[in-house]
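Trainee: Below you will find the structure I want to go over with you.
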């Protein structure tokens, strides 16, 4: 059974957050935490917070052991976009799109083979 955590309306562009989420998908929690700690991306901090929340949910609500958990799903969906204007020369204007993301991470207990 997968345990999920979600952060909505995060002010990180979805494309940049997806690059970070792709790094941890399928890895063990310890390996994913290490990867996120050393990832040179601002989105890595946000993804790490969601991962820690999912692990805490698994520990407290389902009594799973952290050592047996792995990242089953790491998904970044597009949130609403704030539209702003930047005024330019000769009466023109540029549109600035401030994108947001919904980050979902699911962890699951690895099955022990005997």
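Trainee: Filter segment 66-85 down to residues that are within 15 Å of the chain's Cα centre (by Cα) and in a strand (DSSP E or B), then give me how many there are. Steps first, please.
Mentor: Within segment 66-85, the subset within 15 Å of the chain's Cα centre (by Cα) is 70-79.
Imposing the further condition that a residue be in a strand (DSSP E or B) reduces the set to 70-78.
Count: 9.
Trainee: So, one more: Restricting attention to segment 2-26, which residues are more than 19 Å from residue 79 (Cα to Cα), in contact with a helix residue (DSSP H, G or I) (Cβ under 7 Å, 6 or more places away or on another chain) and not in a strand (DSSP E or B)?
Mentor: First pass over segment 2-26, keeping only residues more than 19 Å from residue 79 (Cα to Cα): 2-3, 23-26.
Cutting the leftovers down to in contact with a helix residue (DSSP H, G or I) (Cβ under 7 Å, 6 or more places away or on another chain) gives us 3, 23-24.
Matches in segment 2-26: 23, 24.
Trainee: Run down 17, 5 and say which single residue is farther than 23 Å from residue 110 by Cα, in contact with a strand residue (DSSP E or B) (Cβ under 9 Å, 6 or more places away or on another chain) and at pLDDT 95 or above.
Mentor: Step by step, each of 17, 5 is checked, and only 17 is farther than 23 Å from residue 110 by Cα, in contact with a strand residue (DSSP E or B) (Cβ under 9 Å, 6 or more places away or on another chain) and at pLDDT 95 or above.
Trainee: Could I ask something else about it? If you check residue 98 against the conditions, is it touching a strand residue (DSSP E or B) at 6+ places or on another chain (Cβ under 9 Å) and surrounded by 15 or more Cβ atoms within 10 Å (Cβ to Cβ)? Full working, then the answer.
Mentor: Details: touching a strand residue (DSSP E or B) at 6+ places or on another chain (Cβ under 9 Å): yes; surrounded by 15 or more Cβ atoms within 10 Å (Cβ to Cβ): no.
It is false that residue 98 is touching a strand residue (DSSP E or B) at 6+ places or on another chain (Cβ under 9 Å) and surrounded by 15 or more Cβ atoms within 10 Å (Cβ to Cβ).
Trainee: Additional query: Could you grab me the full set of residues in segment 41-65 that are loosely packed, with under 13 Cβ neighbours inside 10 Å and either at pLDDT 95 or above or within 12 Å of the chain's Cα centre (by Cα) (or both)?
Mentor: Hit for segment 41-65 is 42, nothing else.
Trainee: Do you know which of the residues in segment 22-39 that are under 14 Å from residue 54 (Cα atoms) and under 13 Å from the mean Cα position of the chain (by Cα) is surrounded by the fewest Cβ atoms within 10 Å (Cβ to Cβ)?
Mentor: 25
Trainee: Another question about this same structure. Just wondering, is there one or more residues in segment 100-110 that are farther than 16 Å from residue 3 by Cβ and part of a helix (DSSP H, G or I)?
Mentor: No, segment 100-110 contains no residue that is farther than 16 Å from residue 3 by Cβ and part of a helix (DSSP H, G or I).
The values are calculated or read from the model by the stated rules, or taken from the named source; none is laboratory data. Note that the coordinates shown come from a computational prediction; the quantities given were computed from them, not determined experimentally. For neighbour counting, all protein chains shown are included, and Cβ atoms are generated from backbone atoms with ideal geometry for every residue, glycine included.
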